[in-house]
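Laboratory data are not the source of any read-out in this text; all were calculated from the coordinates shown. Quick caveat: nothing in here was measured; it's all calculated off a predicted structure. Virtual Cβ from ideal backbone geometry, glycine too; neighbours counted across all protein chains shown.
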Amino acid sequence: MGQAITPGHIGDAPIGMASGAVKAALVDPRSHESDEMVFADYPGLVVSTYEGLVNMLIVESAEAGSTELGVAVGMSWIELDRRLGPFEYDSDNALWVSSKTPGIWYEIARPPREDEEPIDPPLVTEVYQVLDPKNAIVRRIYVM
């Protein structure tokens with residue numbers, strides 16, 4: 001099963017860990033760079049480093065881990081809201097937050113309507129409000 005997702009950590013990879021130590025804690029990644037940040041792709045997990053230190057962990061699959069409250073990628077918005085609501089939209093990070101999980105943010109997405117073109121197919125990210133709560137899911141979990 002996956003890693004435990006807690007504020008500031010995913011398993012043995014905490015925010016602030018040296019990027020070289022992440023490789024020992026997880027597995028060898030596929031890496032790519034963007035300006036001053038390096039992104040290491042692991043199965044279901046992206047580790048972002050800045051100046052050699054982990055600054056963000058992105059969970060992209062349920063197999064990569066779940067929170068202490070059992071939240072994982074793919075969970076329905078309705079179940080997420082039941083467990084952790086109410087939620088606020090953090091426009092600075094373009095993600096959803098709950099006061100019950102400080103340090104953890106959620107990307108919420110849903111299938112597109114016929115009149116929508118998804119930017120990141122096959123789903124449409126929900127911003128400012130969840131327009132289709134019955135079909136919306138947790139797409140990614142961010143630890144920063």
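Below is a table of values for the structure above.
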| read-out | value |
| --- | --- |
| Diffusion coefficient, µm² s⁻¹, Stokes-Einstein with Kirkwood Rh over alpha-carbon pairs of the range 80-144 at 25 °C and 0.890 mPa s | 201 µm²/s |
| Contour minus Cα-Cα distance for E114 and N55 (0.36 nm per residue) | 17.5 nm |
| Distance between modelled label sites at M144 and R83, nm, 7 Å Cα→Cβ extension | 2.2 nm |
